[in-house]
Structures are given as structure tokens and as C-alpha cells.
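Some notes on the structure that comes next.
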Amino acid sequence: MSLPASLALYRVLTGLAAPILPLVLSRRARAGKEDPDRRHERLGRPEIQRPEGRLIWLHGASVGESLVLATLIDQLAARDPELEFLVTTGTVTSAALMAKRLPPQAKHQYVPVDTPGAVRRFLDHWRPDVGVFAESELWPNLLIEARNRDIPMALVNARMTTASLTRWRKRGDAVRRLLEAFAWIGAADTRTRDGLEDLTGREIVLAGNLKLEARPAAPDARELSSLKIALAGRPVWLAASTHEGEDSTILAAHALLRETHPGALLILAPRHPERGKPLAAMARQRGFKVARRSAGEIPDGADTVWLADTLGEMPLWFALAPAALIAGSLKPGIGGHNPIEASLAGACVITGPHVDSFDDIYGAYRRHSAMIEVTDAQTLSAAVEQAWQAKAPGRAAAERAISEASGGALDTTLSALSVLLDQADGPEPEA
């Protein structure tokens, strides 16, 4: 079947770019954006063997999607212990998380770069029986080649902002062709369901948001106990998954808090840990004494900022802080991050106004008064003060919001994947 002109051109151009990819990956590895020891995976050259038996391939862009996929794996493995799983992601952070989170029957690989050759090598090696993509990362060559092999595919927890749907409509023919690769699409919210139905002309299932039912691993109990002892008596708050341009506001809020709480400690956890060095310099320039987690440092009484510039430890930070700013929300263009993990750990959720990537979840939080919205350093410091004084929304309100928004997404999605597995097995032989 012929492709729309834009997809045909994309395949030609990505094929022509293939020879320079090793150089590009090397440069990204020096910048901390690739694992230098696993670049062969990005070129579709895995070094581990495909396991015997039925293999489900699950792909997600980064950390949030990884937790969704891990939850699906747990449930699918419980239903059929003989299933094998391959998880692909694209970030160093998500790979570190998967190393801790995945069960023995699941393997992690970096997703191949989206060139025809790398994708073909990847699929020729792994030969998945079923493919599962999370949310909205659609790599054209990956989907085209999977469809060419008749791999039953599902798009789970599909979530698009209004802006992303607008961009997709401008490339309607190409997007429709890519979405044809999916035998089943489960939308996380009504906006996405309606937008995809308009784009594809087919019925899309409103499954609900899987992120509301994904459960991160609990922090190490010994580590948590030790840190609680080390920080005992200090008022602590967390700025979780911060992005460039937000940290100045956060540090200004911390300075305000320290005027009335001299012992206050800010746990500053950047979304990208490689920002640790410039963040430490910024904090010190503003007069804060900084301890860095990446250097193995634990704050002493004089430290006022603990820079959590490590991977996979967010459950620990949420468990230590009664107040948590869910960053990515203080400036436009990012769309916020998921507040569920903070709520389940018992932290009061504080957010900026820019949460369009999670507006379904934050809508439920607003309806149940389960969060505090802030706009600047003054309102942020006041929100943290509320949480410290136990005058902020509690866990019960957050649990009501989570229950309202979930909509049984996990059961709906698991049922759909079971049907795809049956399709992959083929029809029953005639008697």
C-alpha cells in the first residue's frame, strides 16, 4: 500500500541519515543523553537473545509511560506466567527505572532510532507477537514496519493536548496512516477520544487514564528510615521534576520560607539530573548551602538545599516531604507532571497553572480541593507553609479525585490486550 508523500519522504530522509547516526549517538552520550555502553541497541543491534515463547513488546517514551507499562506487565504476567516481555524506552532515566522495576520475565532495550534499517533489525531480532505503545509517541518507521509484519498493535492511554491534536490535524493523511497500525486504541480522556475519532473516522474507546492506576515501587525501607532520622525536626519540602526556568522561582520561595523557618530544607529534584551542576551553582550564588545526592551527600544542619540529582529515587523524596511542588507547571510549554505518586505517598500536591498535559487529572483534583495552585514565589512559599501547618488538602481528598478520574482504565486495557494476544495466536485448528 502506497504511503502519503510526507511519510514516503520521511522514510527516504531517515534512510539517508543512517550513516551519521553513530556520530550523533556518540555526541549525545557525551552529553549524558545516551548510555554509551548501549548505543548498539539504538542502532537495532541487540546483544541479548529473544526469549522462547510469546513475547509482548511494550514501548513508552520516558518515565511516566514506563510506570504504566510496568503495571501492565505485572497484571499480564499474573494472568499468564509464561508470557515474556520486552520494554523499550528512549531515555537514560527510564532505563534506570526499568532496571529496578521490571520482573525477571521482562527485558529492557532502548528503542531503535527511527531509520528503516535500525527498525528492521530490531523487529527481525525480537519478532514480537503483540506490540503496545503508550500515550502518543508515534515513530513512523517503527509503526510502518510493525504493520508490514502484521504484528497486532495497541495504543494504550492515548493522551493528546489540544495543541498536539491541532498539529496532528495539519498532517492528517500521515497521522491517519500511522494510527491504522493500531488494532485497538484506548483514550485516556474525552478530549483525546473525540480528537482521534475526528482524525481517524473510527470509534475510539474511552478507557480512562492508566497513570491513575500505575503504582511505583515503594522506596527502600531502610534508606527511608535512615533519612527520616537524619532530617528529624527540620521542615522539608520538595520541588519535583523541575525544568529550566522554574528553579529561580523555587529558590526564591525557599528564601522566603527560611525567613520564618531557618532550618527549612528544600529537596530540589530536577527532571533531568544532568542539570545538577548548574543548579548547584545557582543555589550557591543565592546564598544556599547545597548537598548533592549524586555525590553521596546527606544534608547536615547547615545545608539548606538538597539537590536530588539522581535517577529513580522520586518515591523516596515524596515519602520525605509533606509538601511537594509538581513542577513542569510554573511556565507554559511543558504541561505539568503527574501528581498521583505524590498523593499516594501522603504529600500535599502543589502545582503551577500550566498543566494541560494532565488537565483531566488536575480537573478532578480541583473538584475535590485536593491541591494548591500557585503562580509565583510568594504563593508557592505560602502553600508550603499551609502544608507544614496541616492546613492543606489531605490524602483523602486526593484519593477521591484519583478514584473519580481513573474510570477502570486498567481492566478495560487488559481485556483489549487479551483479545490481541488471542489474535496473535491465530484461529483454533479445525477438528
Test: residue in segment 1-17 that is closer than 27 Å to Asn338 by Cα and among the hydrophobic types (A, V, I, L, M, F, W, C): no
Flag if Leu224 is open to solvent by less than 60 Å² (accessible area, probe 1.4 Å), in a helix (DSSP H, G or I), touching a residue at least 12 places away in the same chain (Cβ under 8 Å) and farther than 29 Å from Tyr10 by Cα: yes
Scan of segment 61-72 for residues that are buried (at least 22 other Cβ atoms within 10 Å of the Cβ) and aliphatic (A, V, I, L, M), ordered by number: Val63, Leu67, Val68, Leu69, Ala70, Leu72
Residues that are of a type outside the set (Val, Ile, Thr), in contact with a strand residue (DSSP E or B) (Cβ under 7 Å, 6 or more places away or on another chain) and closer than 25 Å to Ile402 by Cβ, drawn from segment 214-256: Trp237, Leu238, Ala239, Ala240, Ser241
Residue within segment 338-352 that is surrounded by fewer than 18 Cβ atoms within 10 Å (Cβ to Cβ), free of Cβ contacts under 8 Å to residues at least 24 places away in the same chain and out of contact with any strand residue (DSSP E or B) (no Cβ under 8 Å at 6 or more places or on another chain) present: no
Segment 106-120 residues that are within 12 Å of Glu145 (Cα to Cα), paired with ones that are open to solvent by less than 20 Å² (accessible area, probe 1.4 Å) and charged (D, E, K, R) (beta carbon under 7 Å, 6 or more apart): Val119/Glu145; Arg120/Glu145
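Based on this model, can you work out whether Ser403 counts as open to solvent by 60 Å² or more (accessible area, probe 1.4 Å) and either without any contact (Cβ under 8 Å) to a residue 60 or more places away in the chain or farther than 25 Å from Ala134 by Cβ (or both)? Break it down into steps so the answer makes sense when it comes.
Numbers: open to solvent by 60 Å² or more (accessible area, probe 1.4 Å): yes; either without any contact (Cβ under 8 Å) to a residue 60 or more places away in the chain or farther than 25 Å from Ala134 by Cβ (or both): yes.
For Ser403, the condition - open to solvent by 60 Å² or more (accessible area, probe 1.4 Å) and either without any contact (Cβ under 8 Å) to a residue 60 or more places away in the chain or farther than 25 Å from Ala134 by Cβ (or both) - is met.
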Output for segment 26-49, where each listed residue is assigned to a helix (DSSP H, G or I), in contact (Cβ under 8 Å) with a residue 24 or more places away in the chain and either hydrophobic (A, V, I, L, M, F, W, C) or surrounded by fewer than 13 Cβ atoms within 10 Å (Cβ to Cβ) (or both): none
Selected residue (criterion: nearest to the chain's Cα centre (by Cα)) from residues of segment 155-177 that are surrounded by 22 or more Cβ atoms within 10 Å (Cβ to Cβ) and either modelled with pLDDT of 95 or more or part of a helix (DSSP H, G or I) (or both): Val156
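When residues of segment 178-199 are filtered for being open to solvent by less than 50 Å² (accessible area, probe 1.4 Å), outside any loop (DSSP other than H, G, I, E, B), farther than 20 Å from Pro116 by Cα and out of contact with any Leu (no Cβ under 6 Å at 6 or more places or on another chain), how many remain?
Looking only at segment 178-199, we keep the residues that are open to solvent by less than 50 Å² (accessible area, probe 1.4 Å), and these are 178-179, 181-182, 184-189, 192, 195-196, 199.
Within this subset, residues satisfying the condition of being outside any loop (DSSP other than H, G, I, E, B) are 178-179, 184-187, 192, 195-196, 199.
Filter once more, keeping what is farther than 20 Å from Pro116 by Cα: 184-187, 192, 195-196, 199.
With the extra rule that they be out of contact with any Leu (no Cβ under 6 Å at 6 or more places or on another chain), the set shrinks to 184, 186, 192, 196, 199.
Qualifying residue count for the region: 5.
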Residues within segment 374-392 that are open to solvent by 10 Å² or more (accessible area, probe 1.4 Å) and in contact with a strand residue (DSSP E or B) (Cβ under 6 Å, 6 or more places away or on another chain), tallied: 2
Conditions (1) exposed (fewer than 14 other Cβ atoms within 10 Å of the Cβ); (2) part of a helix (DSSP H, G or I); (3) touching a strand residue (DSSP E or B) at 6+ places or on another chain (Cβ under 6 Å): number failed by Gly53: (2)
Residue within segment 361-368 that is surrounded by fewer than 24 Cβ atoms within 10 Å (Cβ to Cβ), farther than 21 Å from Ser403 by Cβ and of a type in the set (A, V, I, L, M) present: no
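Go through segment 84-133 residue by residue and tally those that are of a type in the set (Val, Ile, Thr) and either farther than 19 Å from Leu311 by Cβ or open to solvent by 10 Å² or more (accessible area, probe 1.4 Å) (or both).
Residues of segment 84-133 that are of a type in the set (Val, Ile, Thr), as a first pass: 87-89, 91-93, 111, 113, 115, 119, 130, 132.
After this cut, where a residue has to be either farther than 19 Å from Leu311 by Cβ or open to solvent by 10 Å² or more (accessible area, probe 1.4 Å) (or both) as well, the list is 91-93, 113, 115, 119, 130, 132.
Counting residues in segment 84-133 that are of a type in the set (Val, Ile, Thr) and either farther than 19 Å from Leu311 by Cβ or open to solvent by 10 Å² or more (accessible area, probe 1.4 Å) (or both) gives 8.
Yes/no matrix, rows are residues, columns are (1) modelled with pLDDT of 90 or more; (2) touching a His at 6+ places or on another chain (Cβ under 6 Å); (3) over 20 Å from His243 (Cβ atoms); (4) aliphatic (A, V, I, L, M):
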residue	(1), (2), (3), (4)
Ala347	yes, no, no, yes
Ile350	yes, no, no, yes
His354	yes, no, no, no
Glu373	yes, no, no, no
Ala390	no, no, yes, yes
Arg395	no, no, yes, no
Ser403	no, no, yes, no
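The values are calculated or read from the model by the stated rules, or taken from the named source; none is laboratory data. Small disclaimer: the values here were computed from a predicted structure and weren't measured. Heads up, the Cβs are rebuilt from the backbone with ideal geometry, glycines too, and the neighbour counts pull from every protein chain shown. These accessible areas exclude ligands, DNA and RNA; they are computed on the full protein's heavy atoms, side chains included. Shrake-Rupley method; radii C 1.70, N 1.55, O 1.52, S 1.80 Å.
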